[in-house]
Amino acid sequence: MRNRRLATVFLIAFIDLLGFSLILPLLPYYAAQYGASEAVIGLLVASYAVMQMIGGPFLGRLSDRYGRRRVLMVCVAGTLVGFLLLALADPLGRWLSRLVAPQAPNASVIAVLFFSRMLAGLTGGNLSVVQAYITDVTDERGRARGLGLIGAAFGLGFIIGPAVGGLLSRWGYGVPAFAAAGLAALNLALIYAWLPESLNAAQGAQPQAARRAPFSLTALVDALRRPYTGALLTTRFLFSVAFSMFQTIFALYALRRFGLTAQSTGFVLTYVGVLVVLVQGYLVGRLTDRFRDDLLIALAVSVMTVALLGWAWAPSVAWLLVILIPIAASGGLLNTLIASTLTKAARPDEVGGILGLVTALDSAARIVAPSLGGVLIQQLGTAGPGLFGAAVMAGVSAFVWRTIWNHPLALRMVREAKMPGQSYGASGE
């Protein structure tokens with residue numbers, strides 16, 4: 001039964017990211033054909049992350065209260081409506097223009113594009129709710145492996161989606177959006193037909209009232225104040241800033257430093273995606289079977305620090321391809337291990353809210369990183385983002401070795417992982 005649930009959630013996560021990545025690379029071109037400036041396009045791309053930062057914690061916490069399946073259906077339904085609005089932006093915008101602004105049809109179309117992305121972002125808590133579902137159906141020893149498989153599913157979707165979206169865009173930018181809407185509809189049907197509720201089975205020894213705690217933002221604020229949970233969330237945010245800068249500024253870096261074409265850059269990013277999938281789908285499980293989570297987090301942060309320095313000073317494309325291996329490996333490990341460790345440190349009734357906070361922090365990092373990376377390249381040259389990221393991760397490394405590695409709660413997790421069914425809870429902090 002557990003394997004069937006994991007397989008179903010893997011498929012749902014893959015389809016979700018496949019639909020998302022179908023349209024993501026095409027948004028700038030879609031908006032530009034209606035006269036959107038570079039600044040407006042930047043705001044359009046950022047609008048999704050801003051709304052996801054707002055909606056993520058709420059949706060995660062609501063899933064603690066009302067169940068994962070129900071909230072996941074709301075998330076996917078919002079995604080479906082957002083994609084349909086995106087696909088129909090032209091006729092809807094022109095109809096809206098006739099009602100309120102006959103002289104500015106293009107502006108009305110752009111307004112519909114913004115609304116579609118903001119709606120999708122507000123209901124875009126899919127990842128945190130899926131991760132909470134995995135937490136419900138796995139024990140502590142298998143948690144990182146299960147979350148790693150979900151990370152691999154998202155990675156596969158991101159590898160395939162942009163290529164398919166590019167092919168479909170030959171028939172217009174609305175076509176990939178319609179295809180993404182179709183994938184969201186398929187996901188909704190899969191959740192309804194195949195995915196049972198997981199919250200009732202989560203931490204079976206816990207009473208129902210404890211599992212379905214009242215919705216409260218106070219619980220999320222309290223989680224940030226706890227020494228161990230707060231340290232993990234702080235590490236996640238700072239890592240996300242450095243890693244998001246690498247992801248979002250890489251194309252500009254590759255153009256300025258090595259003169260790579262868009263196609264060549266796409267191949268390099270696909271190579272990175274394959275590496276991340278291998279790490280999350282295979283390596284995470286092997287490493288967590290042998291080593292403690294807190295030690296792996298500390299080592300991965302240190303490796304990321306050195307690897308980003310190598311990225312900053314890469315003298316050739318061949319060197320770049322080599323240094324991308326430790327960047328992808330440490331990034332994939334940190335993405336999975338921090339989420340996994342947080343679910344073990346949290347109480348069963350707050351797992352969804354904690355993972356929603358992770359989504360919000362990642363969204364905040366994706367808002368800050370692109371603009372900051374552009375400024376660094378302009379002021380310091382192509383080495384700027386790598387040097388900045390390495391400096392951030394050096395500070396994070398010192399912070400992790402001081403606050404997370406060998407923390408009493410981490411050591412308690414190691415001991416109790418040998419006795420399935422026990423809950424660490426937050427009281428250990």
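The values are calculated or read from the model by the stated rules, or taken from the named source; none is laboratory data. Keep in mind it's a predicted model, so treat the numbers as computed, not measured. Quick reminder, even Gly has a Cβ in these numbers, built from the backbone with ideal geometry, and neighbours come from all protein chains shown. Please note that ligands, DNA and RNA were not included when accessible areas were found on the heavy atoms of the full protein model with its side chains. Shrake-Rupley method; radii C 1.70, N 1.55, O 1.52, S 1.80 Å.
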Handout entry: Zone of TYR66's modelled label, taken as backbone nitrogen in region 334-355 under 20 Å from a point 7 Å along Cα→Cβ
Key = 349-355
Fill in the blank from the handout: Inter-part gap, Cα centre of region 231-304 to Cα centre of region 21-45, in whole angstrom, is 25 Å
Practice task
For every other residue with a beta carbon closer than 12 angstrom to the beta carbon of PHE237, add +1 if it is Lys or Arg and -1 if Asp or Glu, then tell me the sum.
Solution key: +1
Practice task
Quick one: dipole size for region 1-160, taken about the Cα centre, charges +1 on Lys/Arg Cβ and -1 on Asp/Glu Cβ, in debye to the nearest 20.
Solution key: 540 debye
Handout entry: Burial ranking of peptide ranges 73-79, 333-339 (average Cβ count within 10 Å, highest at the top)
Key = 333-339, 73-79
Handout entry: Distance histogram for the chain (every C-alpha pair counted, 20 angstrom bins, percent rounded to whole numbers)
Key = 26, 58, 15, 0
Handout entry: Gain in span if fully extended, GLN103 to LEU380, counting 0.36 nm per residue against the direct Cα distance
Key = 95.4 nm
Problem - Helical contribution to [θ] at 222 nm, DSSP H n ≥ 4, -39,500 (n - 2.57), averaged over the chain, rounded to 500 - result: -27000 deg cm²/dmol
Practice task
Sticking with the crude label model, points 7 Å out along Cα→Cβ, report the distance from ARG141 to ALA398 in nm, one decimal please.
Solution key: 3.9 nm
Completion exercise
Projecting the Cα atoms of VAL351, PHE178, PHE20 onto the charge dipole of the chain, where Lys and Arg contribute +1 and Asp and Glu -1 at Cβ, the residue farthest towards the positive end is VAL351
Practice task
Can you tell me the dipole magnitude for the chain around its Cα centre, using point charges on the Cβ only (Lys, Arg +1; Asp, Glu -1), in Debye to the nearest 20?
Solution key: 500 debye
Handout entry: Charge context of GLN131, other residues only, Cβ under 11 angstrom, K/R +1, D/E -1
Key = +1
Completion exercise
Descending packing, highest mean Cβ count within 10 Å first, for 370-376, 276-282 is 276-282, 370-376
Problem - Selection from GLY78, ALA391, GLY374 lying farthest towards where the dipole of the chain points positive, charges on Cβ - result: GLY78
Fill in the blank from the handout: Nearest-0.05 FRET efficiency for LEU167 and TYR192 at R0 = 51 Å, using Cβ-Cβ distance, is 0.95
Fill in the blank from the handout: In the chain, helical segments from DSSP H whose Cα atoms cover 18 Å or more along their own axis and that average at least 0.5 on the Kyte-Doolittle scale are 2-23, 38-66, 68-87, 105-122, 143-168, 174-194, 227-258, 262-278, 293-312, 317-345, 351-380, 384-403
Exercise for the section: Leaving ligands, DNA and RNA out of it, report the carbon-plus-sulfur percent of the accessible area of region 13-165 at a 1.4 Å probe. Expected result: 72 percent
Practice task
Sort 99-106, 265-272, 383-390 for me by packing, meaning the mean count of neighbouring Cβ atoms within 10 Å per residue, highest on top.
Solution key: 383-390, 265-272, 99-106
Problem - the chain, accessible area per residue, ligands and nucleic acids excluded (1.4 Å, Å²) - result: 41 Å²
Practice task
Putting +1 on Lys and Arg Cβ atoms and -1 on Asp and Glu Cβ atoms, find which of TYR48, SER316, ALA89 reaches farthest to the positive end of the dipole of the chain.
Solution key: TYR48
Handout entry: Dipole magnitude of region 222-358, debye to nearest 20 (Cβ charges: Lys/Arg +1, Asp/Glu -1, about Cα centre)
Key = 180 debye
Handout entry: Pairwise FRET efficiency - GLN247 versus ARG286, Cβ, R0 = 25 Å, nearest 0.05
Key = 0.50
